[in-house]
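Step one of this worksheet: look at the structure below.
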Amino acid sequence: MPLMILGITLLVFLVLQAAPGDQASSALGDGASEEAKQQYRQDNGLNDPLVLQYFRFLGKLLQFDLGVTTPPAKSVASMIGSAFPLTLQLTFLGVLIAIVLSLAFGILGALHRDKWQDQLVRVFSIAAIATPSFWLGILLIQWFALGANPLFPSGGIATPESGFGGWLNSMALPALALGIPVSASLIRVVRTSMVEELDRDYVRTAIGNGVPYREVVSKNVLRNALVTPVTVLGLRVGYLLGGAVVIEMIFALPGMGQLILNGITNLDVNLVQGVVLTISVTFVLVNIVVDLLYLLINPRIRTV
């Protein structure tokens, strides 16, 4: 993990250094004199070699110092601390929706393979895979948030006074737009894994010995079939985090999406670096947690 995070910091640093534009002009405005811009570059070490700038950047990261934004100066860490929880909440709800849909439809398709239920699941998964999350978000707004009697708000986050119900109401449409496309690929993986497990000899042996079919499926087949879907889910978390940034813009949610858009628009290198690094490190940590989940799902891995 440390080597991967180090590589992420290097990649983010080099990409932003190669980005077009001038940080001094963005910070001081186009009307600033050339002398003022040169002084800004000198004060902020922008004239130093890239190697020196990178190690200075790493040194600040080790102190959890992400710098400040371009004027008006604000702490990048505090801004991320305010916005990141909302992105995590949206990602969590998207993951929850993806898990529920993938398990329900994947198991249904596997238990009724090649029947009409299985064909219906296939149609849904193919349609969901072909549906971009941002387009689905716009459709959900048109269907459920507009008109005389809207069921959900079209954007924004509920105030703390609204309680859990108000929060869930404001997050429902963004979470659906984020979770449904991800569930499509997971449905196919769950179905395939279930079918492979159902065809194994131990299933036929257990049923032949009188063990109820429902018990074999719930206690043995499903648990053994979850290893591959959990792996895929861990990899899709990166898509969910990135998709959450886009969905937040569509639903006007004050999360990481707003921060990174402001950072790119204003060529605020510190802000963009902080947001990208936070999302990247979160993705790495989630995949480590997924690896540890293997031990709970399949205890045989502990002895390997």
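The values are calculated or read from the model by the stated rules, or taken from the named source; none is laboratory data. Note that the structure is predicted; figures quoted are calculated from it, not measured. Cβ sites come from the backbone with ideal geometry, for glycine too, and all protein chains shown count toward neighbours. Each accessible area value is taken on the protein alone, full model and side chains, heavy atoms only, with ligands, DNA and RNA left out. Shrake-Rupley method; radii C 1.70, N 1.55, O 1.52, S 1.80 Å.
Listing for the model above:
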| read-out | value |
| --- | --- |
| Residues that are open to solvent by 10 Å² or more (accessible area, probe 1.4 Å) and in contact (Cβ under 8 Å) with a residue 40 or more places away in the chain, drawn from segment 244-267 | Val245, Val246, Ile250, Ala252, Pro254, Gln258, Leu259, Asn266, Leu267 |
| Selection within segment 190-222 - under 15 Å from His112 (Cα atoms) and open to solvent by 70 Å² or more (accessible area, probe 1.4 Å) | Glu196, Asp199, Tyr213, Arg214 |
| Pairs with Cβ under 8 Å, 6+ apart, first in segment 84-102 and within 21 Å of Val227 (Cα to Cα) and in contact (Cβ under 8 Å) with a residue 40 or more places away in the chain, second of a type in the set (Asp, Glu) and in a helix (DSSP H, G or I) | none |
| Filter result (open to solvent by less than 60 Å² (accessible area, probe 1.4 Å) and in contact (Cβ under 8 Å) with a residue 24 or more places away in the chain) within segment 106-117 | Gly106, Ile107, Gly109, Ala110 |
| Test for Pro85: is it open to solvent by 40 Å² or more (accessible area, probe 1.4 Å), at negative phi and in a loop (DSSP other than H, G, I, E, B) | no |
| Residue among Leu101, Leu28, Leu90, Leu11 that alone is touching a Pro at 6+ places or on another chain (Cβ under 9 Å) and closer than 29 Å to Leu253 by Cβ | Leu90 |
| Enumerated helices (runs of 4 or more DSSP H) restricted to segment 10-82, each holding at least 2 residues that are at pLDDT 85 or above and not hydrophobic (A, V, I, L, M, F, W, C) | 50-62 |
| Flag if Ala148 is surrounded by 12 or more Cβ atoms within 10 Å (Cβ to Cβ), free of Cβ contacts under 8 Å to residues at least 24 places away in the same chain and in a loop (DSSP other than H, G, I, E, B) | no |
| Any chance Glu248 is in contact with a Pro (Cβ under 8 Å, 6 or more places away or on another chain) and of a type in the set (Asp, Glu) | yes |
